[in-house]
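Participant: Structure in structure tokens, see below.
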Amino acid sequence: MPHLFRFWFLVLSSFVGIFVNPKQCKNGHLYCETCIEDFLLSHVFCPVCRCPLRKEDLAKNIFAEKNLEVALVWCQYHFCMEDSKWIVDSSGCPENRQQSSIQEHETVCPFAWINCPFSKDCPCFRRKDAEEHLKTCQFQPVECKFCQVDIQKNKFSSHEATCASYPVECDLCGTQSIRGQLNLHHLNQCNEYTIHCPYSCGQTFKRKGLEAHLKQNVVTHLQSLTESTNKSLQKQDLIHQSMVKDLQLQIKALERKLLEPDTKIVWTISDWSKAVHSGFIASKLFSYSGFEWFLGLYTKGKCQGFCSLYLFLEKSLPGKVLHLSFELTLLNHLDSKKEVKKSFLKEFPHASQGWGDDRFLDVKELNIEHGFVSRSNNLTVELGIKTIQLVWNI
């Protein structure tokens with residue numbers, strides 16, 4: 001009995017052949033494993049007897065498996081498809097083997113159909129014909145010896161007609177050049193190319209006549225060059241004058257913006273009876289004319305027996321100098337006529353950072369009885385400040 005089994009005609013299959021990994025339903029109907037599993041993705045019954053069937057219900061058929069291992073089968077490349085049917089290919093593979101070894105053969109079968117590695121548009125061919133096909137394939141890449149780019153063989157002729165590295169002759173002087181640099185050759189080297197006089201005398205001539213033209217027109221060119229230089233200098237002078245005017249206007253605008261009106265700062269020192277023992281008290285920072293300032297009071301004074309009051313510059317702007325008129329006042333809470341007021345005229349930034357008076361007031365008078373400390377234990381300092389001049393060092 002030949003060891004040969006045939007497919008059942010399945011609902012979803014039109015191919016008849018040997019079972020591959022046979023599986024069966026509970027009633028014994030045999031199918032290829034992949035065929036029946038594909039069918040059961042959308043159905044839940046046996047295609048033949050219609051009994052309930054799921055993938056996990058499929059069972060092996062040991063008898064079929066054993067017989068199939070020794071069944072003689074043709075290589076799949078012994079056949080071809082014609083009118084949606086498999087028929088014997090007269091030029092196909094003649095190999096006839098046991099099923100257990102046929103797959104190993106098919107992986108190297110010289111009659112197997114393979115795809116061209118150069119293009120999907122190229123027709124398939126037998127593995128045994130690969131070497132001959134690759135020699136003649138119109139899709140194989142060929143390197144252009146001029147630009148070193150790989151071009152498909154069937155497009156090589158059109159590439160040569162446009163290749164930027166292809167050698168060509170100058171259409172004017174006949175000199176060898178390359179296509180991509182022909183324009184540069186015309187502009188910079190070609191002796192037959194028409195150029196304009198470099199001294200703008202208005203004449204045109206071929207490059208080979210440049211030397212003769214220059215010799216014949218020395219005086220004209222010198223006059224033209226002198227006129228051109230004078231015009232250029234005049235233009236630059238006008239530009240520089242305009243730039244200077246613009247800068248001057250910008251400086252004046254900044255000065256108007258930064259020359260602030262008279263400003264008054266009031267500094268109240270709370271809890272004076274306690275603060276007086278600290279030795280030095282500083283106000284909070286405040287801004288004036290783009291600078292950062294603060295007031296400072298030495299409670300024990302730089303000179304023994306006196307308090308010292310100063311205006312300090314904390315942060316300045318590079319290149320900017322302020323000439324200030326400022327007035328420091330210690331208010332008297334009992335009698336405004338007894339307040340102490342001292343005026344100063346100074347330039348900032350200054351080497352000593354701050355400016356004021358070391359002997360502003362006798363420390364013995366800084367109390368409630370003399371009126372410089374309020375009954376709520378506060379000492380009040382006023383600063384009046386005005387910009388006299390603003391100077392930018394550019």
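Participant: Which length gain, in nm to one decimal place, applies between Arg50 and Val218 when the Cα-Cα distance is subtracted from 0.36 nm times their residue separation?
Facilitator: Answer, rounded to one decimal: 49.5 nm.
Participant: Could you pull out the trypsin sites (Lys or Arg not before Pro) across segment 25-66 that fall in loop regions by DSSP (anything but H, G, I, E, B) with no more than 15 other Cβ atoms inside 10 Å?
Facilitator: Lys26, Arg50, Arg54
Participant: Semi-axes of the equivalent ellipsoid for the chain, please: Cα gyration tensor eigenvalues, times 5, square-rooted, ordered largest first, whole Å.
Facilitator: Semi-axis lengths for the chain are 103, 57, 15 Å.
Participant: Regarding segment 218-258, what whole-number volume in Å³ per residue does the convex hull of its Cα atoms give?
Facilitator: 24 Å³
Participant: May I ask you to list the trypsin sites (Lys or Arg not before Pro) in segment 313-394 that are in a DSSP loop and have at most 13 other Cβ atoms within 10 Å of their Cβ?
Facilitator: Arg375
Participant: Just name one of His78, Thr299, Val48: the one whose Cα is farthest towards the positive end of the charge dipole of the chain (beta-carbon charges, Lys/Arg +1, Asp/Glu -1).
Facilitator: Of the listed residues, the answer is Thr299.
Participant: Per-residue counts of other Cβ atoms within 10 Å, averaged by peptide: what ranking do you get for 86-92, 234-240, 290-296, 195-201, highest first?
Facilitator: 290-296, 195-201, 86-92, 234-240
Participant: Any idea what the relative contact order of segment 263-392 is, in percent, if you count C-alpha pairs under 8 Å spaced at least 6 apart?
Facilitator: 33 percent
We did not get these values from a lab; they are worked out from the coordinates using the rules stated. Keep in mind the model is a prediction, meaning the values are calculated, not measured. Methodologically, a virtual Cβ is constructed for each residue, glycine included, from the backbone with ideal geometry; neighbour enumeration extends over all protein chains shown.
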